[in-house]
1. Would you confirm whether any residue within segment 401-412 is under 15 Å from residue 318 (Cβ atoms), out of contact with any Asp or Glu (no Cβ under 7 Å at 6 or more places or on another chain) and within 15 Å of the ligand (Cβ to nearest atom)?
2. Test of understanding: among 335, 296, 325, 305, which residue is under 20 Å from residue 243 (Cβ atoms) and either hydroxyl-bearing (Ser, Thr, Tyr) or out of contact with any Cys (no Cβ under 9 Å at 6 or more places or on another chain) (or both)?
3. Are there any pairs, at least 6 apart or on different chains, whose C-beta atoms fall under 8 Å, with the first in segment 437-460 and without any contact (Cβ under 8 Å) to a residue 24 or more places away in the chain and the second of a type in the set (Lys, Arg), and if so, which?
4. So, of the residues in segment 3-38 that are of a type in the set (Val, Ile, Thr) and either within 26 Å of residue 121 (Cβ to Cβ) or touching a helix residue (DSSP H, G or I) at 6+ places or on another chain (Cβ under 8 Å) (or both), which turns out to be modelled with the lowest pLDDT?
5. Can you run down the residue pairs with Cβ atoms below 6 Å, 6 or more apart or on separate chains, where the first is in segment 290-313 and surrounded by fewer than 19 Cβ atoms within 10 Å (Cβ to Cβ) and the partner is of a type in the set (Asp, Glu) and assigned to a helix (DSSP H, G or I)?
6. Restricting attention to segment 371-378, does a residue exist that is in the same structural domain as residue 456 (by TED's automatic domain parsing), among the hydroxyl-bearing types (Ser, Thr, Tyr) and more than 24 Å from residue 516 (Cα to Cα)?
7. Taking segment 176-189, which residues are more than 8 Å from the ligand (Cβ to nearest atom) and among the polar types (S, T, N, Q)?
8. Kindly provide the set of residues from segment 263-288 that are out of contact with any Leu (no Cβ under 7 Å at 6 or more places or on another chain) and more than 13 Å from the ligand (Cβ to nearest atom), ordered by number.
Amino acid sequence: MNNDLTDRYSTHIVKNQAALPIDFNAFEGDVVLKAAIEREAPWANSRCSDLGKLAGDQHVQELARLANRHIPELQTHDRFGNRVDWVDLHPAWHELMGLAWKHEVPNLSWRTDQKHPHYARSVLSYLWNQVEQGTGCPTGMAYASYAGFSAEPALKIWLEKSLGTSYENNREEVAKKSSVVIGYAMTEKQGGSDLRETITTAQFSHSDQYHGATAYWYELTGHKWFCSVPQSDGFFTLAKVDGEVTCFFLPRTLPDGTYNRFFIQRLKEKAGNRSNASSEIEMSGTLAIRVGEEGSGIKEILSHSHLTRLDFAVGSAGLMRQTLSLALNHTCTRSGFGSSLAKRPMMINVLADMAVEVEACTLLALRVAKATDYLDVDPVQKAFARVTTPMAKFFNCSRVVAVANEALQCHGGNGFVEDGPMARLFRESPLNSVWEGAANMMCMDVRRAMTKDPMCRESLFKEFEDIRGEDIRFDAYLLAIEPLLDECLTNEFLARPATEAMARSIQGAELLRHSTPEVIDTFMKTRLGGGPGNWGVMFGSLGSSVSQKQADSIVERAQMQP
Ligand SMILES: Cc1cc2nc3c(=O)[nH]c(=O)nc-3n(C[C@H](O)[C@H](O)[C@H](O)COP(=O)(O)OP(=O)(O)OC[C@H]3O[C@@H](n4cnc5c(N)ncnc54)[C@H](O)[C@@H]3O)c2cc1C
């Protein structure tokens, strides 16, 4: 064979492409996360380490790619024309679900009696969101569903099964299952944010013994415009009884083993989150068990929302961390203009600026998770969790889009191509800010919480008692936000700036407690209004008050440690 000819027909030599981002542990290698668990829940260390390894595992990354490439297919009927209303998912999806359940991502907080169970479970979720985000939807809903099951005696069997750790993809009746997958179907065509506009109706059917307790069954008629994971074992949903919104739980398989009337009309074609099926459904004479009192449906469903919202604040922080890790990997292992990209001064500015943002958002989410651990025992922490959960969801889920965008930029053209994970993560990034209450709704909720319960505002300022006096820039910021919070109570127009300012203040406090002088100084100078030239609206606009040496040390801290 003539070598010249072979060369002519062979592809170009591949050089100066970034290294594959594999063989790292997203927990052990993350200085911020590791310290957080050691501080608050050291008992969960080995669980987090086992899960962190999956994020850097090449096979698991391939599962994530496959599950998003081979998207769910709706099966409305079987070959004989019977309705089946089921979804075919790629085996990679089921393998990922199996891993999530095995590693207790949906339910660690409910399975342990150790200290700070919600905190520890949040770290698992943070890590899982660096594995695959589509499956993060069912893990988050399963986490929240426990709160709903524990409030309704007729759902005791579901409570028990929600603690299971071995995932099953089948349509068995709940008693025969070792674990369950749960969905939420609230949003209708005419209103997602304003659930009072629900037009699905429910009529009492009968009461019956259901796995050892009395259940009140109703027949539901209506539709839901969004219903994710329609192959779940059961759903919380809303319908009106005599004009009043009421909460229900709808098992897909009825006690006699027959399938409930739950008609999947079509699957949504989505910008991201493509591994996960999201559907439109029709209910007609569908049997569902009433949860709580007639007319208290919105209150009931909002009591679960606290947990899903926390989970999205945590999940978006995890997604930010994943995009930062990818950006670091890419820029450190690809060169340009004579050095690795990560060594170019402007790139250092970008990476350091992103790293500060990711650390601040991570600590914010984990602080809210910790407050959630005290809901039943500490009224101040309860009020703090009440007001900071929608705040953290607003902030982190909105902010992740900018971080993902900048991380994509760091990859150059490769970031926009589906061969690698970056493009998928970018498409995923806006979703958490839409579902489970869009951004404005979160700020409205922050305002509502402070208006209804003065303790919410008080709990915020109590939070800063131990660190006032440590940094004059932080103290000045706290003084400045007080009038803004007051004004926002009487002026809805200010709900967003007030919520953002509160989020920044909690981030500042958490960084003062747990971060390095370089990160703290940069945060105070840039995020808390340090004046012109100190920071802009883009990442990479750390001003002259932050030295490159300081930025270097911030980037070093953010590197995945070996
Ligand atoms: C991929 C995906 C999956 C989903 N899965 C589910 C699911 O499983 N179950 C489910 O129930 N829902 C699901 N949803 C629906 C989601 O929860 C809703 O889209 C969301 O709550 C917003 O409702 P909406 O789409 O009706 O928007 P709207 O309520 O029309 O809101 C549109 C915009 O207006 C803003 N807005 C509304 N009212 C006000 C106001 N008073 N002041 C200022 N701004 C306002 C909102 O913040 C939002 O930005 C899913 C959505 C997506 C995208």
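1. yes
2. Numbers: 335 fails: under 20 Å from residue 243 (Cβ atoms); 325 fails: under 20 Å from residue 243 (Cβ atoms); 305 fails: under 20 Å from residue 243 (Cβ atoms).
After applying the criteria, what remains is 296.
3. none
4. Residue satisfying both the conditions and the ranking: 22.
5. That search, which allows pairs on different chains as well, returns 292/300.
6. Of segment 371-378, the ones in the same structural domain as residue 456 (by TED's automatic domain parsing) are 371-378.
With among the hydroxyl-bearing types (Ser, Thr, Tyr) added as a condition, the list becomes 372, 374.
Subsequent filtering for residues that are more than 24 Å from residue 516 (Cα to Cα) retains 372, 374.
Taking every residue of segment 371-378 in turn, at least one turns out to be in the same structural domain as residue 456 (by TED's automatic domain parsing), among the hydroxyl-bearing types (Ser, Thr, Tyr) and more than 24 Å from residue 516 (Cα to Cα).
7. 178, 179
8. Answer for segment 263-288, where residues must be out of contact with any Leu (no Cβ under 7 Å at 6 or more places or on another chain) and more than 13 Å from the ligand (Cβ to nearest atom): 263, 265, 282, 284, 285.
The values are calculated or read from the model by the stated rules, or taken from the named source; none is laboratory data. The structure presented is a predicted model; accordingly, all values stated were derived computationally and were not measured. Glycine gets a Cβ as well: all are built from the backbone with ideal geometry, and neighbour counts include every protein chain shown.
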